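Right, one structure below, let's go through it.
The values are calculated or read from the model by the stated rules, or taken from the named source; none is laboratory data. As the structure is a computational prediction, the values presented were derived from the model and not from experiment. Virtual Cβ from ideal backbone geometry, glycine too; neighbours counted across all protein chains shown.
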Amino acid sequence: MGMKVHILSPLYGNNSGIGRHTEELHTQLIRKGVDVEVTSTQNTPYIPVRKLQNISWGLAACARIKTADIVHAHNLPSILPAIFTQGMRVLTLHGVYSNQIKLLHGRFPGYFSRALERWAIKRADVLTCVSLHATRFYESIGFDAKYIPNAVDSKTIEGIAKTIEKKPARILFVGRQTVEKGFDIFLKIKKELQPEFECIAIYGRPWDEVIRLIASSSVLVLPSRAEGLPTVILEAFACKTPVIATDVGGIPELIKDGTTGLLVPAKTNSMISAKDFSERVRYLVHEESLQQKLSDAASLKVRQEHEWEKISAKYLELYSSLL
């Protein structure tokens, strides 16, 4: 296509939803004939300490000065090397970044990250967000934002899932063992459900193994306190595994309660009820007709709205508009 794209993201590959997003975007662009280069923690030095990983990677990535038609930065740590790379800058935010920092690290780091957020967005030619929730937030503080949602390759996932036998008492949590992902709440859910149910938590495993575990589970639970638009929900939809999740961030854009999944209210960050999750798990597991209804509607939604073929075309259209 005569276009060169440089993707900047500390996360790439199996280690997170953002990592899977950037890897699949890379793959899709290559399939469409685009010349693509990626700078991530896989090919750039960084300090392997959680609080220092992103900033150390961003500083090291500045040394990899490149020239591209489009520089596509994912989340705020990527904007620093983007400034040192020649090309039109697209910044994609995978949630409300400053709110996540405040939740994880407290009020002062959250205040600092809000200032950094504004500084970074002003240095991008285009801001995109993966959820309507984040898009509306950034519009409310004075920025133009384009909504381009997360996506999955549902055909590939369905091909894996159809070979897997469901375990009727398996409950699965996929994600980092952190506050914003509600891992502490999952442990309480696990305590309430065992030994009646097998409750498993996974993170950082190979992607195909993750898909097999999702496909083998009767329910995926996401008791998150903050989210963008979780890729793991889309993967569960494609696996026809029902999802029970908190109504935070972009989750309600994917899950319409009682139609494509079940939602648990989050009155405040500290008041997400493990009991509410456990009750819904027990109810759903014993209602086979509801499981079928939810999984059918969810599968249709992901095929119609969140296929990579469609979403990569949206990114290509955006890139072309900047040239």
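Out of Ser278, Ser299, Ser289, one residue alone is under 23 Å from Val264 (Cβ atoms), in contact with an Asp or Glu (Cβ under 6 Å, 6 or more places away or on another chain) and either of a type in the set (Gly, Ala, Ser) or touching a residue at least 40 places away in the same chain (Cβ under 8 Å) (or both). It is Ser278. Step by step: first the residues of segment 223-237, then only those that are of a type outside the set (Phe, Trp, Tyr) and in a helix (DSSP H, G or I), then the one that is surrounded by the most Cβ atoms within 10 Å (Cβ to Cβ). Which residue is that? The qualifying residue surrounded by the most Cβ atoms within 10 Å (Cβ to Cβ) is Ala236. If you go through segment 120-137 and pick out every residue that is part of a helix (DSSP H, G or I), over 13 Å from Gly249 (Cα atoms) and either touching a residue at least 12 places away in the same chain (Cβ under 8 Å) or not assigned by TED's automatic domain parsing to the domain that holds Tyr97 (or both), you end up with 2. Evaluation of Val302 against the conditions (1) crowded, with 21+ Cβ neighbours inside 10 Å; (2) of a type in the set (A, V, I, L, M, F, W, C); (3) part of a loop (DSSP other than H, G, I, E, B) shows that the sole unmet condition is (3).
Go through the residues of segment 206-222 one by one and say whether even a single one is basic (Lys, Arg) and assigned to a loop (DSSP other than H, G, I, E, B). Checking segment 206-222: not a single residue is basic (Lys, Arg) and assigned to a loop (DSSP other than H, G, I, E, B).
Within the set Leu91, Leu103, the sole residue that is under 21 Å from Glu253 (Cβ atoms), surrounded by fewer than 21 Cβ atoms within 10 Å (Cβ to Cβ) and either under 22 Å from the mean Cα position of the chain (by Cα) or aromatic (Phe, Trp, Tyr) (or both) turns out to be Leu103. Scanning segment 164-185 for residues that are in a loop (DSSP other than H, G, I, E, B) and in contact (Cβ under 8 Å) with a residue 40 or more places away in the chain returns Ile164, Glu165, Lys166, Gly175, Arg176, Thr178, Val179, Glu180, Lys181, Gly182. For Val219, the criteria (1) under 22 Å from Ser98 (Cβ atoms); (2) crowded, with 21+ Cβ neighbours inside 10 Å hold in every case but one, which is (1). Taken over segment 55-88, the residue count meeting the criterion of being crowded, with 19+ Cβ neighbours inside 10 Å and within 21 Å of the chain's Cα centre (by Cα) is 11.
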